[in-house]
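First the structure, in the form of structure tokens, and then the observations on it.
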Number of protein chains: 2
Amino acid sequence: MKQYSILVLVFLQTALFAQQHPVAYFTKADVAVVKNGLTKEGLLKTSFKDVKQSVDRWIGKDVDVPMPKNPAGGYTHEKHKANYILMFNSGLMYQLTGDTKYALLVKNLLLKYAALNPTLQNHPQATSTSPGRIFWQALNDANWLVYTGLAFDCIYNYLTPIERQLIADGAFKPEVDFFTVNLKDWFNLIHNHAVWACAGVGIVGIATDNKQYLNMALHGTSLDGKSGFLANIDGLFSPDGYYTEGPYYVRYAILPFYLFANALNNQQPSLKVFQRRNNVLQKALVNGLQQTNLNGGFYSYNDALKEKTFVSNEIVEALSIAWKVYGADISLLPVAKQQNRVTLSKGGATVAAMLATAKSVAKFYTYKPISFTDGAKGNEGGVSILRAGIGAQLTSLIYKYTSHGLSHGHFDKLNINLYDGGNEILQDYGAARFIGIEQKYGGRYLPESKNYAAQTIAHNTVVVDETSHFNGKEEVSQMYHPEKLFSNSANQKIQVVSAIDEKAYSNVTLHRTLWLLQLPDAEKPLTVDFFRLLSSKQHQYDLPFQYLGTVINTSFKYQAFTNNQTTLGTKNGYQFLWKEASAKASNGLTQFTFLNNSAYYTISSYTDDSTNLYFTRLGANDPNFNLRRDPAYIIRKKGTNQTFVNVVEIHGKYDTNNEVSVSAYPKIEAITILRDDADYLVAQIKINGKLLLVAQANKNVAINAAHALKLNGSNVHWIGPYTAIYNNQNLQ
Amino acid sequence: MKQYSILVLVFLQTALFAQQHPVAYFTKADVAVVKNGLTKEGLLKTSFKDVKQSVDRWIGKDVDVPMPKNPAGGYTHEKHKANYILMFNSGLMYQLTGDTKYALLVKNLLLKYAALNPTLQNHPQATSTSPGRIFWQALNDANWLVYTGLAFDCIYNYLTPIERQLIADGAFKPEVDFFTVNLKDWFNLIHNHAVWACAGVGIVGIATDNKQYLNMALHGTSLDGKSGFLANIDGLFSPDGYYTEGPYYVRYAILPFYLFANALNNQQPSLKVFQRRNNVLQKALVNGLQQTNLNGGFYSYNDALKEKTFVSNEIVEALSIAWKVYGADISLLPVAKQQNRVTLSKGGATVAAMLATAKSVAKFYTYKPISFTDGAKGNEGGVSILRAGIGAQLTSLIYKYTSHGLSHGHFDKLNINLYDGGNEILQDYGAARFIGIEQKYGGRYLPESKNYAAQTIAHNTVVVDETSHFNGKEEVSQMYHPEKLFSNSANQKIQVVSAIDEKAYSNVTLHRTLWLLQLPDAEKPLTVDFFRLLSSKQHQYDLPFQYLGTVINTSFKYQAFTNNQTTLGTKNGYQFLWKEASAKASNGLTQFTFLNNSAYYTISSYTDDSTNLYFTRLGANDPNFNLRRDPAYIIRKKGTNQTFVNVVEIHGKYDTNNEVSVSAYPKIEAITILRDDADYLVAQIKINGKLLLVAQANKNVAINAAHALKLNGSNVHWIGPYTAIYNNQNLQ
């Protein structure tokens, strides 16, 4: 270790890549652009004032750098977090105002850390396999390194060489060594934690002119390129920019990706990091935004907190940087406007200028039907978002057939979620976590997150024999992914995606096809859902609908458990569900209508008299009140092969202020299965007297295959894997 | 009956008070003002366009006037409702455009009703004691009469005398006779239904020049003035304008009050109806607005649907009329702006013009601490709203010690509710009703409304022996009211209200004092709650807190009922509560912290080791899913005399987008009762090391009485019924 320190010292002193500073967050030329922008009123100036005000409160004060003690939400955690943001902001103020009081504030704090950090052992509250030192987990230490590295770079020219050395050796080196030696395996992961760690070490490398740090950050500790930042760019995104952990985590990871890439781009433009893999970082941002609800909330599949929206700091930073490196993109203006602030950078200045002159900015981001592949090579399933309606009338149906998504993935193969008019209709629970609240398990993921939220029953997909997909084992789930059979989102009238999973259960094949149909005489699109289960053995198949809303009506009688309530099951998430009511279905059509905000939703299902129905409520076995008391509607079938055909209808309007309720009843009148075998699944749906025929080929899904069936005595023929015929008119 | 008809005919023909028309909704002069306003862009013009568009869709079409059949939400109900709005709007369009197609539409519809109405018997879905004919309840028929009367007046000059006669005899007379003969007792009530009925009959009287109708409307069917519109103005409001049914129903009743008063004012200005009882109708509007949350939602005590806000049509109409008759009131502009439309009247035109020229309009209505008396003479208790904070930071503590409030009253003597930052923190459930949704009991009040929502346990006040106040009997409750002992809202640092109820239980006196204290070193006000129970016999006292939010922490261990849940009780509302957890408290301080949106709330309670605590959840015995699954925290004490001392603390901040949680722990460290006897109740509250002494006289509450007590070895003396001393400083 001693020898290693000397080596670093040599590197620093010879200054192998002596560099102009600042360079990490912005360059001298960028600073000039921001200063010029600040001469005008507008978002840049208000953002500047907010930052300046937050820093000015601390000028001349002795800012505490406490001995680390508390978990998230506790004093020392929140103080160290506030400190790195303060240093970063004060560094920016120094560059933008030239006032040395800002540089002095950063210097004093960094010198305190230079004294503290060499004394630190693992944090007393550390519980994870990647413990931190300043914080309970190394991830937060990596955040600290990113921001203090940027702050150091901002005041580089203010510091004397001795001060630089003191800070580099005392504040940074213990953290860098800790990451790259003690936590080497963690640092070398392909995972959002590693992205943060590489960004921290790399930015510090650039800020302190330390090429060794930079090389480890780019290529991994053994410099072989199998890990490190570039390997993470290559490994965590699919070719079309889908981030394997899902939308909530792309929001989080995009910040270190963009901050470090931006520093690299300033310092080594020849690396063309933003152009890597056909601009994959640009695709990551845009695709992340496409995976948000009308309010900007990221879709909550996999571990996710629903409160997070695209006004969060990470997306503000990424948007500003993207604007600078990829050029102006007016499709981002609605996002920038809702963010209502910009970063104090060249990108931020140009976004603000554009917003100031834009004639009108749309209220909502422009969402479109879109599909992503998953996996670095794009061959590990994917996710499709079927969409109809514009503006506030948007309907989004999400169909997820991705790979597991690393440690934050859920056991939810072939899951669906439905959003309508900005409301969650069929929800994904997200994660059970109160981020930053110490009393709630130190702000960490709560046990209920793995035990309930990640389990299959918490989703809108089939659970076989009350056992989660892959038996709830991440290491197995991580090895497999469903396969898309066919899809079409080019035609607004008939959007369809079909996928199959043969690995979630060893002896059951799951095959689900989702259709979003825009019928000519309907205002809202109709969701048709075919779910085939194939097995040679007898099983129980549960298809939950995690509806959000108020029960309005059911077509069936049920038994409500009114005086005494027990759980639906005992394990794999079932232990968290109170059984509120149950029913035996009858042959034919079963309907359940609920109200969510100002619209009615009806789930119409094809059932037989062996089908059971359940209304459940979350909250059993939750002594710490960690879960929301959300409802679900579960359709249970038994058998070897089984088929669920469900239709989700959006209908009517409810306006309480004007006391108007229209079309509160569904229009679906019957569902009949005309054919259901190895070759075809065909359903006929009667809607307000008219017939809708929905048909798919199960085996021969070739795009040019011709199919001809005799159904109800008439001949039906079509080309390709599917067709939908409404009122004798082909929808295509 | 025959003779009676002839009499009416005579009245009409002799046209005893032949009148210029239009006069009911507006006059010729008013119409000129509106027309002039329409020459400019702005809210009047957009409101006009909306109305015109809604009417133009029907021009030239044969509008259905179906035989009445369905309850609310069903076709015939919604159609007749749409028809009277259509006739009214089309009448306005005729006046404002002069285009006779609008008059023709009204005439054709009125003639259809003239054919239909004489054939009608009681509505087939009628279930109430005041059945309707066109609708299931007479109240809706009264709505119909109000709007069709206004519509008739608008096209009066377009109609031939014969047409007028046909409509008056066929469309109006059967309804008027039905109200004033068949439903005479109902028509003569002092109640919002009667207000609507009088407004309907009175407006039709004005529109058809029928003085007899008008007289009955003003003075009751026997013309003795004990009932009728004027008696309702005198009987339903307290002298300061509090409406006895509460804020949700003043919203509803204000429309017929204002519409009919406006017509009267146009037709008989000498009556000075708007000046009656020192402008009580103006006070009713302003006080109704003061009883709203930041989002405009009316406080939900008594029967109330939380979705109703001051953007509802009733308040739009009342605001426009108030503007005309009482003059411009810029304090109403924030309400008008949120309403985002105005009525097509002189008042509406002036409001729109004012909004167009106003430099800036505050985001929120200006709320202030305020108290109202209840009862026509102002001597039947009242309600106080203790308030602190401005704009989005408003905290409102509502203390209700009113009389019952007629048929929509709840059994909630000495109830409190807390709103903070626009969020409901300690809620009133409101009513269980899905207005207008046919599948939900025809849109009527659901049985759970009486059985749960109106019961005492659904509130934030003490339930003795699991029995509701007045044993849940409206006719008994209606006879009594609590008495206010003392209050002060003049001092922002110490707002206080004390009231006593001796009638809710035959052998227990309830005495509650609420304090809203603004401590000098606190951001948010502190609620201190003294609740004394006085009885010579042993009782069980339950004090529920209907908190809304997520359980964050408790100072006590509890047993959670994780696998099997039963109800807290079997009757008086208790049967709807699942017992989620229970605990035995210990001597001293008991604390419960919850999170609601971005703030923490802690209820700190003085308990002893005989105190029991419960966490409950609504939903038991609710087979039709009519109730929300809301939580409660219940403190149960037993004894003869008992005292609850609770402190509700608002603390900290939780910002999920920035992942910041500050001050998540309460600052209250101890609660000690220093004296608790017939003369005094004194508590000492330790807050972050400092002491707060809160003291009240129980007996001698004279404003000038001097009190001197020896407490903790020191002498404390003060003048008046109460004092609060913080950190050795008197708060007053």
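Points worth noting:
- Flag for B:E448 being among the acidic types (D, E), out of contact with any Lys or Arg (no Cβ under 7 Å at 6 or more places or on another chain) and within 13 Å of another protein chain (Cβ to nearest Cβ): yes
- Pair list, Cβ under 6 Å, 6 or more apart: the range A:140-151 residue surrounded by fewer than 24 Cβ atoms within 10 Å (Cβ to Cβ), other residue in a helix (DSSP H, G or I) and of a type in the set (A, V, I, L, M, F, W, C): A:Y147/A:F88
- Identity of the residue in the range A:351-389, charged (D, E, K, R) and free of Cβ contacts under 8 Å to residues at least 40 places away in the same chain, that ends up farthest from A:G409 (Cα to Cα): A:K359
- Some residue of the range B:437-451 being of a type outside the set (F, W, Y), modelled with pLDDT of 95 or more and within 26 Å of B:G375 (Cβ to Cβ): yes
- Selection within the range A:235-252 - touching a helix residue (DSSP H, G or I) at 6+ places or on another chain (Cβ under 8 Å) and either of a type in the set (V, I, T) or outside any helix (DSSP H, G or I) (or both): A:F237, A:P239, A:D240, A:G241, A:Y242, A:Y243, A:T244, A:E245, A:G246, A:V250
- Look at (1) within 11 Å of chain A (Cβ to nearest Cβ); (2) under 30 Å from A:Y445 (Cβ atoms); (3) under 34 Å from the mean Cα position of the chain (by Cα) and you find that B:N657 fails only one, number (3).
- Selected residue [touching a helix residue (DSSP H, G or I) at 6+ places or on another chain (Cβ under 8 Å), without any contact (Cβ under 8 Å) to a residue 60 or more places away in the chain and surrounded by 22 or more Cβ atoms within 10 Å (Cβ to Cβ)] from B:L285, B:L259, B:L271, B:L255: B:L285
- In summary, helices (runs of 4 or more DSSP H) completely within the range B:137-225 and bearing 1 or more residues that are modelled with pLDDT under 95 occur at B:192-207.
- In the range A:84-106, the residues that are free of Cβ contacts under 8 Å to residues at least 60 places away in the same chain and not in a loop (DSSP other than H, G, I, E, B): A:L86, A:N89, A:M93, A:T97, A:T100, A:K101, A:Y102, A:A103, A:L104, A:L105, A:V106
- In the range A:513-534 there is no residue matching the filter, namely being of a type in the set (G, A, S) and surrounded by 20 or more Cβ atoms within 10 Å (Cβ to Cβ).
- Where a residue in the range B:18-47 is within 14 Å of B:T350 (Cβ to Cβ) and its partner, wherever it lies, is surrounded by fewer than 21 Cβ atoms within 10 Å (Cβ to Cβ) and charged (D, E, K, R), with Cβ under 7 Å and at least six apart: B:L38/B:K45; B:L43/B:R341; B:S47/B:R341
- Just so you know, in the range B:69-115 the residues that are small (G, A, S) and modelled with pLDDT under 95 include one that is nearest to A:Y654 (Cα to Cα), and it is B:G73.
- Selection of helices (runs of 4 or more DSSP H) fully inside the range A:300-407 by the criterion of at least 2 residues being within 14 Å of chain B (Cβ to nearest Cβ) and within 17 Å of the chain's Cα centre (by Cα) returns A:313-326.
- Condition met for A:N646 (touching a residue at least 12 places away in the same chain (Cβ under 8 Å) and out of contact with any Phe, Trp or Tyr (no Cβ under 6 Å at 6 or more places or on another chain)): yes
- Among (1) touching a Leu at 6+ places or on another chain (Cβ under 8 Å); (2) within 13 Å of chain B (Cβ to nearest Cβ); (3) among the charged types (D, E, K, R) - the single one A:K686 does not satisfy: (2)
- Residue match in the range B:338-347 (condition: hydrophobic (A, V, I, L, M, F, W, C) and under 22 Å from B:A32 (Cα atoms)): yes
- Scanning the range A:551-581 for residues that are facing chain B (nearest Cβ under 7 Å) and among the polar types (S, T, N, Q), we see that the one that is surrounded by the fewest Cβ atoms within 10 Å (Cβ to Cβ) is A:N564.
- Restricting B:A126, B:A114 to residues that are of a type in the set (G, A, S) and closer than 21 Å to B:D169 by Cβ narrows the list to B:A114.
- Long-range neighbours under 8 Å by Cβ, at least six apart or interchain, first residue more than 7 Å from chain A (Cβ to nearest Cβ) and closer than 14 Å to A:K557 by Cα within the range B:621-632, second in a loop (DSSP other than H, G, I, E, B) and of a type outside the set (D, E, K, R): B:N624/B:L446
- Checked against the criterion of being away from chain A (no Cβ under 14 Å) and in contact with a helix residue (DSSP H, G or I) (Cβ under 7 Å, 6 or more places away or on another chain), the candidates B:V463, B:V497 yield just one match: B:V463.
- Filter pass, A:E424 being more than 14 Å from chain B (Cβ to nearest Cβ) and surrounded by fewer than 20 Cβ atoms within 10 Å (Cβ to Cβ): no
One line per residue, one yes/no per condition, for (1) over 19 Å from B:E424 (Cβ atoms); (2) over 31 Å from the mean Cα position of the chain (by Cα); (3) without any contact (Cβ under 8 Å) to a residue 60 or more places away in the chain; (4) outside any loop (DSSP other than H, G, I, E, B):
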site	(1), (2), (3), (4)
B:Q565	yes, yes, yes, yes
B:N572	yes, no, no, no
B:A581	yes, yes, yes, yes
B:S586	yes, yes, yes, no
B:Y601	no, no, no, yes
B:S604	yes, no, no, yes
B:D609	yes, yes, yes, no
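- Filter pass, A:K638 being in a strand (DSSP E or B), surrounded by fewer than 20 Cβ atoms within 10 Å (Cβ to Cβ) and either more than 14 Å from chain B (Cβ to nearest Cβ) or in contact with an Asp or Glu (Cβ under 8 Å, 6 or more places away or on another chain) (or both): yes
- Residue ID - nearest to the other protein chains (Cβ to nearest Cβ), chosen from residues in the range B:601-620 that are of a type in the set (D, E, K, R) and farther than 30 Å from A:N553 by Cβ: B:D609
- If the condition is being in a loop (DSSP other than H, G, I, E, B) and within 14 Å of chain B (Cβ to nearest Cβ), then the range A:282-299 contributes A:N295, A:G296.
- Only a single item in (1) hydroxyl-bearing (S, T, Y); (2) more than 14 Å from chain A (Cβ to nearest Cβ); (3) surrounded by fewer than 24 Cβ atoms within 10 Å (Cβ to Cβ) is not met by B:T456, and it is number (3).
The values are calculated or read from the model by the stated rules, or taken from the named source; none is laboratory data. Fair warning: this is a prediction, and the values are worked out from it, not measured in the lab. Heads up, the Cβs are rebuilt from the backbone with ideal geometry, glycines too, and the neighbour counts pull from every protein chain shown.
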